[in-house]
Structures are given as structure tokens and as C-alpha cells.
1. Identify all residues within the range 121-140 that are surrounded by fewer than 20 Cβ atoms within 10 Å (Cβ to Cβ) and in a helix (DSSP H, G or I); write none if there are none.
2. Which residues, counting only those in the range 55-83, are without any contact (Cβ under 8 Å) to a residue 40 or more places away in the chain and either among the hydroxyl-bearing types (Ser, Thr, Tyr) or in contact with a strand residue (DSSP E or B) (Cβ under 8 Å, 6 or more places away or on another chain) (or both)?
3. So which pairs qualify, if the first residue must be in the range 33-54 and over 13 Å from Ile78 (Cα atoms), the second must be not in a helix (DSSP H, G or I), the Cβ gap must be under 8 Å, and the two must be at least 6 apart or on different chains?
4. Only residues in the range 281-300 that are acidic (Asp, Glu) count as the first member; pair them with residues that are open to solvent by 20 Å² or more (accessible area, probe 1.4 Å) and in a helix (DSSP H, G or I), Cβ under 9 angstrom, at least 6 apart or cross-chain, and list the lot.
5. Yes or no: the range 163-177 includes at least one residue that is among the aliphatic types (A, V, I, L, M) and open to solvent by 50 Å² or more (accessible area, probe 1.4 Å).
6. Where the second residue is open to solvent by less than 40 Å² (accessible area, probe 1.4 Å) and in a loop (DSSP other than H, G, I, E, B) and the first is farther than 22 Å from Ile255 by Cα and touching a residue at least 24 places away in the same chain (Cβ under 8 Å) and lies in the range 210-230, which pairs have Cβ atoms under 8 Å and are six or more apart or on separate chains?
7. Among the listed residues Val146, Val163, which satisfies the condition of being in contact (Cβ under 8 Å) with a residue 24 or more places away in the chain and either assigned to a helix (DSSP H, G or I) or not hydroxyl-bearing (Ser, Thr, Tyr) (or both)?
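The values are calculated or read from the model by the stated rules, or taken from the named source; none is laboratory data. Note that the coordinates shown come from a computational prediction; the quantities given were computed from them, not determined experimentally. Cβ placement follows ideal geometry from the backbone for every residue including glycine, while neighbour counts extend to all protein chains displayed. For the accessible areas, the whole protein counts, side chains as well, though only heavy atoms, and no ligand, DNA or RNA atoms are used. Shrake-Rupley method; radii C 1.70, N 1.55, O 1.52, S 1.80 Å.
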Amino acid sequence: MDPGNWSQVTEFIILGFPHLQGVQAYLFVLLLLIYLTTVLGNLLIFLVVRLDSRLHTPMYHFLSALSLLELGYTAATIPKMLSNLLSVEKTISFSGCLLQIYFFHSLGAAECYLLTAMAYDRYLAICRPLHYPTLMTPELCAKIAVGCWLGGLAGPVVEISLVSRLPFCGPNRIQHIFCDFPPVLSLACTDTSINVLVDFVINSCKILATFLLILSSYVQIIHTVLSIPSAAGKRKAFSTCTSHLTVVLIFYGSILFMYVRLKKSYSLDYDRALAVVYSVLTPFLNPFIYSFRNKDIKEAVRRRLAGSGALG
């Protein structure tokens, strides 16, 4: 298209859930409660692990890094979603939309890498217990966590750069609950085949590679656990993995169907439902999954509350 024949869109309208216009206020209250619980739960886990010396082990260092990551991950989308539920116009600037996509995908990628690191940590602890203290040192643990963050932040740079160069001349209504690559690409007034292909390749490599690494770790973990003679030993060994495995299944179960597909057309309601799972429900459930199933976390919280006099 000749650049002289179109005017660049300067803002988008995020439609959210257009079929639920009559219950926007109820959705706002529900989402606000979920967001506050998510923030408080992840912040509690992060502070408890940082402040309790008994939890200064690689497994809990990774857990605290995951909790901190979830705080940023949800902050990239949910506050704007809350604002749109009460707003009539539901607009977001073009640059604001790109920033939301960048932080959402970069922190999402960092979560993939961190969940992979946590699987590797459990593999070393269960399959190579005698070498675990020398292999997973605090220094290596810190380097891995920083590497996950840096790798995530660098991840969507190419995709964002390509999208920023596309012409958007209208319509400007995003058929989604927040800015994301597929619904934004569908609004470009030029061919986006290259963008779709690049998005597919990057997401496939990132998501499938980390998922296969996690799967490989758990195959070896299960093999080792099954070789333990006593039933009590098997339960104890695998109990350290159940919370992490639950989070992996929920998170990857939704993003695999959402991003590892080579097509421009998609079911809008289907994608909105998946987006709710990985952007809202997974961060919300993480503190419950890790705290309710983890005796060390619960005891650490009790010690903090007792120390502060909250328990009388």
C-alpha cells in the first residue's frame, strides 16, 4: 500500500469481552479481588523466602524468583484490563500497546525459562543427590535466575521491531482482552505473513524447547523415583515436584494451544478464554499451589506471623 494513501493509527480500542457488557462491574470486582490476591500471595512467598534463612536453598530461591516474576507478569496486563472494565472508550496508545506486548511476552518467556530451571533443580536433587550440593551452588542458582530474566527481556525484541514498522490504517478494534501479537497483526493494512512466521518460529522454539526440557527432566525423575524401594521414599521424593509439575501443566497447557500454531485466523472466544488461564488464573493459583502443598512454606509463614505477634 502506498504510504501516502493511509494515516497511521495512533491508538487501539481493546474490546475485551463484548458479550458481557451487562456485567462489567461484577467482572471488575472479581478481577480486582483476583489481582489483589495474586499480588499479596506472590509477595508473601517472595518475602518469606527472602527473610527466612531456613528457606535459603536453590528450590526456594527459584520459587521466590518465580513469585517476583509473577508480580511483573500480571502488572503488564491486569491493571489495564481493570481500567477498561470501567472505561467507556477502552483505548490504549499504539506505543502503549507495543509496550504491553513486550513486557507480557518477555516476562512470559522468562517464566518458561525459570520453570525449566526449577525442573532441572529437581532433577539434580532427586537423580543426583550426592552431587547436588556441589552442582547447584548458590552462585549458580543466582546466575541461572538472572539468565532467565535477561533471556526473557531479550526474547520479543525482533517481533516488536517488526510489528512497529507495520502500517495500521484502521480498523483499530483489538478483538482480545489485552494487546497481543495475533489480534494486533490482524489489524495491519499490509501482508503480515513474515510476522506470523517469525512469531510462530520464535514461540515454537521458546515454548517447545523449554517444555521438552522439562518433560525430559521429569521422565528421568519418574524413572529414579520408581526405583526407590519403599513407598514412603517414593512419596517423599515426588512430593517435592508435584507443585511445580501442576504449575507447568496449567501454564504450558494454555500457551501451547495459543502460540504454537501457524495461522492468522483464530477463534476469538477460544483465545480470550485461554488468555484468562495463562495471564490471570495461573499467577493467581501459584501461591496456593506452592503454599498449601508445601510444609516448609506454611511453617515459615507461621514463624513470621508468630514473630510479629499476629498470632497472639
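1. Leu124, Cys127, Tyr132, Pro133, Thr134, Leu135, Pro138, Glu139, Leu140, listed by residue number.
2. Passing the criteria: Thr57, Ser64, Ser83.
3. Val49/His56
4. What qualifies is Asp296/Arg54; Glu299/Arg54.
5. There is no residue in the range 163-177 that is among the aliphatic types (A, V, I, L, M) and open to solvent by 50 Å² or more (accessible area, probe 1.4 Å).
6. Pairs that qualify, where the first residue is farther than 22 Å from Ile255 by Cα and touching a residue at least 24 places away in the same chain (Cβ under 8 Å) and the partner is open to solvent by less than 40 Å² (accessible area, probe 1.4 Å) and in a loop (DSSP other than H, G, I, E, B), are Ile221/Cys241.
7. Answer to the selection: Val163.
So that you can scan it fast, the table gives a plain yes or no per residue for (1) under 26 Å from Ser279 (Cβ atoms); (2) hydroxyl-bearing (Ser, Thr, Tyr); (3) more than 16 Å from the chain's Cα centre (by Cα):
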| position | (1), (2), (3) |
| --- | --- |
| Arg173 | yes, no, yes |
| Asp180 | yes, no, no |
| Lys206 | yes, no, no |
| Phe211 | yes, no, no |
| Ala232 | no, no, yes |
